[in-house]
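Enquirer: Quick one: the structure is below, and I'll ask about it shortly.
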Amino acid sequence: MAFDTKAGTRGGRQPRASMMMRWVNNTMSNRIRRSGKMMGFNALILTTIGAKTGAKRTVPVGWFPGPDDSWLIVASAAGAIGNPAWYYNIAANPDKVTIEVDGRTIPVTASQLHDADREQAWQQITTAAPRFGQYQTKTDREIPVIRLVARPAPDPNP
């Protein structure tokens, strides 16, 4: 499905990329590697390919269980006016995403949920973590929900 969520006209500000934010992300990533948690819920380390730069970008994000052993992540940016940078990276390269979770690095394919699929996932997410519902009230963009599905291992004998 298409990655088609545009920035809104109302919402909070996202922190600018800075040395401090990189330090925070690195610190959180190390904590996630040890415990699998961030701010009280399950977390993973998301690695994308930069939409403009082509460089690897890594960021910690919370996740929720999806159908068929998938992972659901939310591009909330804490209710900011725009989507987080990783959303655009995934949109540009949905088949070049990896995650670190439970001590494993897993190649995944990303897709944005829409309509009934998004509504069902959103209900599950806001029940488990009500702060996401609060983020939605801060912005007029529909906060994207992304489903990550493990890619099959390549055939060693093609």
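Readers should treat all values here as calculations from the given coordinates under stated rules, not as data from a laboratory. None of these values were measured; they are calculated from a predicted model. Ideal geometry is used to build each Cβ from the backbone, glycine not excepted, and the neighbour counts take in all protein chains shown.
Enquirer: Excluding T48 itself, calculate the net charge of residues whose Cβ lies under 14 Å from the Cβ of T48, where each Lys or Arg counts +1 and each Asp or Glu counts -1.
Expert: The answer is +2.
Enquirer: Among V24, V97, V108, which one shows the biggest mean-square fluctuation in a GNM of the chain, springs joining Cα atoms closer than 10 Å?
Expert: Maximum fluctuation in the GNM of the chain, among the listed residues, is at V24.
Enquirer: Given only helices, namely DSSP H runs of n ≥ 4 each adding -39500 (n - 2.57), what is the per-residue ellipticity at 222 nm of the chain, to the nearest 500 deg cm²/dmol?
Expert: Mean residue ellipticity at 222 nm (helix-derived): -9000 deg cm²/dmol.
Enquirer: Can you compute the modelled spin-label distance between A51 and V149, with each label point 7 Å from Cα toward Cβ, in nm?
Expert: Rounded to a tenth, the inter-label distance reads 2.3 nm.
Enquirer: Below 8 Å, C-alpha to C-alpha, sequence gap of six or more: please give me the relative contact order for the chain in percent.
Expert: So the answer I get is 30 percent.
Enquirer: Taking H as built 1.01 Å from N, whose amide H comes closer than 5 Å to the amide H of A80, not counting residues under 5 places away?
Expert: G12
Enquirer: Considering amide H positions built from the backbone, and no H for Pro or chain starts, which residues 5 or more places from T139, or on another chain, come under 5 Å of its amide H?
Expert: none
Enquirer: Would you give the gap between the C-alpha center of the stretch 46-71 and the C-alpha center of the stretch 80-158, rounded to a whole Å?
Expert: 7
Enquirer: Further question: Extension gain R10-T109, at 0.36 nm per residue separation less the Cα-Cα distance, in nm?
Expert: The span from R10 to T109 would gain 32.6 nm if fully extended.
Enquirer: At 7 Å along Cα-to-Cβ for each site, give me the label-to-label distance between Q134 and M21 in nm.
Expert: The answer from the label model is 2.2 nm.
Enquirer: Based on Cβ point charges of +1 for Lys and Arg and -1 for Asp and Glu, what charge dipole magnitude is obtained for the chain about its Cα centre, in debye rounded to the nearest 20?
Expert: Here the size comes out at about 900 debye.
Enquirer: Distances over 26 Å make up what percent of all Cα-Cα pairs in the chain?
Expert: Values: 2746 of 12403 pairs.
Taking all Cα-Cα pairs of the chain, the fraction more than 26 Å apart is 22 percent.
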